[in-house]
Each structure stands twice: as C-alpha cells, then as structure tokens.
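Structure first, commentary second.
The values are calculated or read from the model by the stated rules, or taken from the named source; none is laboratory data. The structure displayed is predicted, hence computed values, not measured ones. Note that we place each Cβ from the backbone using ideal geometry, even for glycine, and neighbour counts take in every protein chain shown. Just the protein is used for accessible areas: all its heavy atoms, side chains included, with ligands, DNA and RNA removed. Shrake-Rupley method; radii C 1.70, N 1.55, O 1.52, S 1.80 Å.
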Amino acid sequence: MSDFLARALTLLPAETAHRAAITGLKAGFGPKPAGAADPVLRTAIAGIELDHPVGLAAGFDKNAEAPDALLRAGFAFVEVGAVTPRPQAGNAKPRLFRLRADRAVINRMGFNNEGLDAVKARLEARQENPAPGVVGVNLGANKDSEDRAGDYAILLKALSGLADFFTVNISSPNTAGLRDLQTGQALDDLLARVNEARWAEPVFLKLAPDLADGDVEPILEAVGRHRLSGLIVSNTTLARPDTLRSAHKGEQGGLSGAPLFDRSTALLKAFRRAAGPDLPIIGVGGIDGPQAAYAKIRAGANAVQLYTALVYQGPGLAIEIRDGLAERLRADGYERLADAVGVDL
Ligand SMILES: Cc1cc2nc3c(=O)[nH]c(=O)nc-3n(C[C@H](O)[C@H](O)[C@H](O)COP(=O)(O)O)c2cc1C
C-alpha cells in the first residue's frame with residue numbers, strides 16, 4: 001500500500017479502513033521492501049536480537065493475518081493479537097473512533113479476535129517461509145472467563161515455539177475488571193501461573209498509563225519474583241486530557257496517539273528510574289515520528305512500538321522513524337542505540 005492509498009483509507013469509517021489495510025497488506029500491497037537499517041540501531045531486548053528498535057504495537061493485526069508483510073514494511077518486530085483462548089466478537093460497532101484534530105484514536109474493541117486455534121494455525125503456517133524479523137503475541141483473557149489467569153496459561157502453553165516473545169496484556173480498558181490484575185495479590189497469583197506455564201520465550205507484562213505512582217514498586221517486585229522478562233509501557237488511557245478538540249472525545253474506551261505521549265513517557269521514566277538499567281522495557285504511546293521515538297529511548301525504552309500514528313501517516317512511517325532515529329543518534333555522537341537508553345533521566 002502506497003502512502004497515497006493509506007491516506008485514501010482515512011476517508012473510510014475507521015474500522016472499515018483498518019480491514020482494508022489488513023487485506024491490502026495480505027495481498028502484497030505493502031510499502032516497498034525497506035533497505036537495511038543503519039548498524040547503529042542494532043540492539044537486543046530480553047535476549048531478542050533486533051535490527052532496529054521500531055516495532056508495531058498490539059491490536060493492529062489481532063489475528064496474525066499479516067505479520068510477514070508488516071515486517072517487510074520495515075518494522076523490526078510485530079506484536080500480533082490480542083488473542084484470547086476462545087473466539088470473541090468484541091463490543092458493538094462503532095467501537096473505533098478517529099480524533100483527527102488530536103492525532104488520536106479512541107477504541108473500545110473489547111478483544112475481538114478469532115481465538116487461539118485460528119491464530120495458532122496462522123503462526124504454524126508462516127514457519128515455512130517467515131520474513132526476517134521478530135514476531136510476538138499479545139495475550140488476553142476472554143471476557144466471560146471464570147479463570148482469567150488460567151487463560152494466559154492456556155495461551156502460553158499452546159503457542160510456545162511459534163513466536164519470539166509473548167505479552168501478558170492486563171491493561172486493556174475494554175474488558176471489565178481486567179486491569180485489576182495489575183496490582184496486589186491478583187498480580188502475584190497471575191504471574192506465578194504465567195511463570196509456571198511459560199517455556200523458552202521471553203514474556204513481557206503490558207501495563208496501563210493510568211497506574212498510580214505507588215503501583216510502580218509493587219509491580220517491579222512481582223515481576224522480579226516471578227522472573228518476567230520485561231515491561232511494555234503503556235496501553236491506552238481512560239484519561240481525557242483537556243486539550244482534546246475532536247467531536248469524538250467523549251466516546252468510551254481507551255485513548256491512544258499524540259495525547260498519550262506525555263503520560264506514557266512519564267510512567268516509562270518512573271519504571272526505568274525504579275528498576276535501574278537492566279530491566280527490558282518497550283516504550284509505547286503517542287510515537288508519531290523520529291523525535292518522539294528518540295524521546296522514548298532517552299526516557300528509558302530499549303525499544304519502541306506504535307500504532308495510532310499509522311492511521312494518519314501510513315505504514316511508510318516505520319522506515320521514516322527508523323532512519324530518523326539513526327540520524328539523531330549519530331548526530332549526538334552515539335555509536336550504539338543502547339548508550340542512549342535512559343540518558344534523559
Ligand atoms: C484499535 C486499537 C486496538 C488495540 N488493541 C490492543 C490489544 O489487543 N492489545 C494490546 O495490548 N494493546 C492494544 N492496543 C494498544 C496499542 O498496542 C498501544 O499500546 C496504544 O495504542 C498506544 O500506542 P499508540 O499511541 O502508538 O497507538 C490497541 C490500540 C488501538 C488503537
């Protein structure tokens with residue numbers, strides 16, 4: 001898909017445009033294959049080698065339909081999902097809203113996905129001829145599950161060997177009660193079961209930007225106790241900054257895009273400060289260009305992900321950020337990306 005086509009898609013209703021983008025990617029209409037990344041960008045996170053630190057955040061390719069096309073479009077890593085054990089329809093439409101003037105989106109999709117069996121079959125099929133790059137799977141719990149922690153265990157066991165990393169997503173605001181798993185005994189129980197079920201691949205915990213400062217230490221303790229590999233900071237927010245101007249700003253759901261940048265970056269800094277330099281952290285939230293990606297890295301992210309800015313700028317943005325990041329690192333005299341991680345703290 002050329003950037004022209006990508007922009008044309010923004011004239012369609014949001015969810016229709018999204019479906020068309022996935023269909024186009026699957027059919028081979030992605031951006032031209034990208035050239036090699038500047039070696040200054042080579043890095044590793046939780047033992048995963050990356051050509052560069054720019055990844056696609058979860059929720060774009062929920063059913064693992066196009067991970068290879070997305071890798072070829074220039075992302076170093078692609079997180080598919082969220083997948084839940086059983087297929088799930090999600091919330092009633094409309095459930096995805098563009099806040100164009102704010103460069104933002106509100107979504108209340110509610111983990112719509114085809115379920116574990118369908119995603120597993122696609123991940124198996126791609127093993128024959130995978131594009132170079134890293135694929136992770138974002139894991140969610142079914143809305144009506146009696147044992148949500150058990151859902152993550154089921155998914156980890158079933159998908160082990162089929163992805164390079166997994167994300168335990170307990171931060172979607174669109175499944176009632178899910179975010180309660182982020183604190184206290186519920187978090188401890190969840191991570192104990194995750195640790196028991198996991199096998200070889202790194203497992204990240206994805207957190208909400210709406211956590212309180214006081215939640216940082218207990219989360220880090222639980223993550224350390226149960227040997228989770230790292231954090232993804234952050235998911236969408238329930239907050240509505242005063243600056244929002246778009247008609248849809250009052251819709252229920254999670255807000256993402258530019259207005260999320262400050263809060264998600266502040267939380268990233270809080271986690272990096274408290275955790276020290278060694279904990280792998282992926283920074284997400286409001287990245288819309290090389291400058292914002294560089295700021296996340298300087299705030300403590302080892303790698304970054306984005307989603308909402310693609311809605312407005314098209315998939316060519318991955319390469320634009322990758323190359324702009326290399327320029328900035330070199331201009332500031334860095335020889336390796338890792339040396340810039342957390343320098344703004
Ligand atoms: C339509 C939509 C669906 C999403 N679905 C998921 C999901 O299934 N799992 C998840 O962990 N995050 C999901 N997210 C959150 C993104 O992965 C990301 O954390 C968030 O949008 C902030 O990044 P951004 O500002 O670059 O979009 C979704 C976001 C959007 C906009």
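Mean projected area of the Cα convex hull of the range 213-329, taken over all directions, amounts to 8.2 nm².
Count the net charge of all other residues whose Cβ sits under 9 Å from the Cβ of A37, scoring Lys and Arg as +1 and Asp and Glu as -1. Counting the neighbours of A37, the net charge comes to -1.
Taking 0.36 nm per residue of sequence separation and subtracting the Cα-Cα distance, how much length would be gained by fully extending the chain between Q252 and D339, in nm to one decimal?
The Q252-D339 span can extend by a further 27.3 nm.
For the chain, give me the percentage of DSSP beta bridges that are antiparallel, rounded to the nearest 5 percent. Roughly 30 percent of the beta bridges in the chain run antiparallel, per DSSP.
Rounded to the nearest 20 debye, the dipole magnitude of the range 159-278 is 300 debye, with +1 charges on Lys and Arg beta carbons, -1 on Asp and Glu beta carbons, and the Cα centre as origin. Shape of the range 164-206 from the C-alpha gyration tensor: oblate (a/c of 1.5 or more and a/b not above b/c, with a ≥ b ≥ c the square roots of its eigenvalues). Give me the percent of Cα-Cα pairs in the range 78-166 that sit more than 20 Å apart, rounded to a whole number. Tail of the P(r) past 20 Å holds 42 percent of the pairs.
For the range 171-269, applying the loop criterion from DSSP together with a ceiling of 11 other beta carbons within 10 Å to the chymotrypsin sites (Phe, Trp or Tyr not before Pro) yields W199. Positive-end ranking of L190, A338, L9 along the dipole of the chain, with charges on Cβ about the Cα centre, is headed by L9. The Kirkwood hydrodynamic radius of the chain, based on inverse pair distances between different Cα atoms, is 19.8 Å.
To one decimal place, what Kirkwood hydrodynamic radius in Å is obtained for the range 282-321 from all pairs of distinct Cα atoms?
This gives a value of 10.0 Å.
Which lysines, on any chain, are close to K93 with Cα under 22 Å apart, when same-chain ones fewer than 8 places away are left out? Counting by Cα, and skipping residues close in sequence, K93 has these lysines nearby: K62, K143, K249. Full extension of the chain between E196 and R126 yields a length gain of 22.5 nm, computed as 0.36 nm times the residue separation minus the alpha carbon distance. Taking the Cα centre of the range 279-329 as origin and assigning +1 to Lys and Arg Cβ atoms and -1 to Asp and Glu Cβ atoms, the resulting dipole is close to 160 debye.
Were the residues from D262 through D213 laid out at 0.36 nm apart, the gain over their Cα-Cα distance would be 16.2 nm. Along the chain, the exposed loop sites are GluC sites (Glu not before Pro) outside DSSP states H, G, I, E and B with at most 14 other Cβ atoms within 10 Å, and the longest stretch free of them is 147-334. Add +1 for every Lys or Arg and -1 for every Asp or Glu among the other residues with Cβ under 11 Å from the Cβ of K143, and state the total. Within the 11 Å Cβ shell, the charges total 0. With the convex hull drawn around the C-alpha atoms of the range 193-273, the volume per residue stands at 117 Å³. E65 sits among other residues whose Cβ lies under 13 Å from its own Cβ, and their net charge, with Lys and Arg +1 and Asp and Glu -1, is +2. Working note: 222 nm ellipticity from helices only, DSSP H runs with n ≥ 4, each -39,500 (n - 2.57), summed and divided by the residues of the chain, gives -10500 deg cm²/dmol to the nearest 500. Note on the range 141-267: antiparallel DSSP beta bridges, both residues inside, total approximately 10 percent of the bridges counted.
Toward the positive end of the charge dipole of the range 74-202, with +1 on the Cβ of Lys and Arg and -1 on the Cβ of Asp and Glu, the farthest Cα among N91, S171, I106 is that of I106. The largest accessible area among Y312, Y334, Y152 belongs to the first residue in Y334, Y312, Y152, and the rest follow in falling order (1.4 Å probe, all chains). Per residue, the accessible area of the chain comes to 41 Å², computed with a 1.4 Å probe over protein heavy atoms only. Each Lys and Arg contributes +1 and each Asp and Glu -1, all at the Cβ; summed about the Cα centre of the range 29-90, the dipole is approximately 140 debye. Ligands, DNA and RNA left out, the 1.4 Å accessible surface of the range 189-345 is 47% carbon and sulfur atoms.
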